[in-house]
Amino acid sequence: MAKLTIPELKSRKGRGSLVMLTAYDYPTAKLAAEAGVDVLLVGDSLGMVVLGYDSTVPVSLEEVLHHTKAARRGAPEVHLVADLPFLADATPERALAAAERLVKEGGADSVKLEGAKLEAVRALVSAGVPVLGHVGLTPQTAGMLGGYKVQGKTPAAAKKLLEDALALEAAGVWGVVLEMVPVPLAARVTEQLSVPTIGIGAGAATDGQVLVFHDLIGVFDRFKPKFVRRYLEGGALIRDAIAAYAADVRSGAFPADEHGYAMDESALEGLYG
Ligand code: KIV
Ligand code: NA
């Protein structure tokens, strides 16, 4: 499968078919590529699901870069988006500097940033960096939004969300992630935009979906958002596998003969013991 270009991604508008998934390392990116995922995201959710932070705020550019390189090595043929971590997009200059590292060192194809930071988006796009937008619940500023809550429920909030998405499109993004947006509003935004929307907790009317890998496989259990579907109870499977290993070591069942290396024992003659 060849890597999707920006025109190809844009042409997926209106078919509800874009499949995006987060990946933060080599094996996950490789498996997702083999499973036919269209777009991989090195999200700053990395901070919560892999690094154990309480939010995405502490995530550094170095951390996103490190994991972007790993994901890129696992999926050289998949369009790879890297998140600009909190404050890396606070000015157009900072956004350009961060994108320079994520694209040139990390191998990212696009960067994603939260909210309607239009000057940063215009600077990136005019410099030739493809940008994915992200509106609705924006976890880096969840505190200001009153927590991890559905966004756009009042007339004013719905209008603002639609206007932000339209402004991002005008600034040149190739698509917009809609996070925790009520189903009817996500449908309306999807209708109004000519670039694809990619939903997470935004219903089925968006042009694509994104999930966090660790939510999908059931290994993140600090909380389970309503919008997650677990396709695997991976936490239980992995815990049981590790417990079985521990039990086998303690009982002597592992390692077995077939796990050992033989040698000609005459080579041991003359050794003390
Ligand atoms: O960091 C992330 O995983 C994200 C997705 C939830 C869109 O931004
Ligand atoms: Na993110």
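Quick notes on this one:
- The C-beta contact set for segment 6-30 (first residue in the same structural domain as His214 (by TED's automatic domain parsing) and surrounded by fewer than 16 Cβ atoms within 10 Å (Cβ to Cβ), second residue modelled with pLDDT of 95 or more and β-branched (Val, Ile, Thr), distance under 9 angstrom, 6+ apart or interchain) comprises Lys10/Val195; Gly14/Thr190.
- Some residue of segment 189-200 being in contact (Cβ under 8 Å) with a residue 40 or more places away in the chain and under 30 Å from Ile238 (Cβ atoms): yes
- Segment 107-121, subset in a loop (DSSP other than H, G, I, E, B) and within 15 Å of ligand 1 (Cβ to nearest atom), residue nearest to Glu62 (Cα to Cα): Ala108
- Scan segment 2-53 for residues that are within 16 Å of ligand 2 (Cβ to nearest atom), of a type in the set (A, V, I, L, M, F, W, C) and outside any loop (DSSP other than H, G, I, E, B) and the total you get is 9.
- Qualifying residue in segment 80-103 (condition: touching an Asp or Glu at 6+ places or on another chain (Cβ under 6 Å) and part of a loop (DSSP other than H, G, I, E, B)): yes
- Residue check: Val135 meets all listed conditions (1) surrounded by 18 or more Cβ atoms within 10 Å (Cβ to Cβ); (2) among the hydrophobic types (A, V, I, L, M, F, W, C); (3) more than 16 Å from ligand 2 (Cβ to nearest atom) but one, namely (3).
The values are calculated or read from the model by the stated rules, or taken from the named source; none is laboratory data. Bear in mind the structure is a predicted one, so any value in this text is a computation, not a measurement. Note that we place each Cβ from the backbone using ideal geometry, even for glycine, and neighbour counts take in every protein chain shown.
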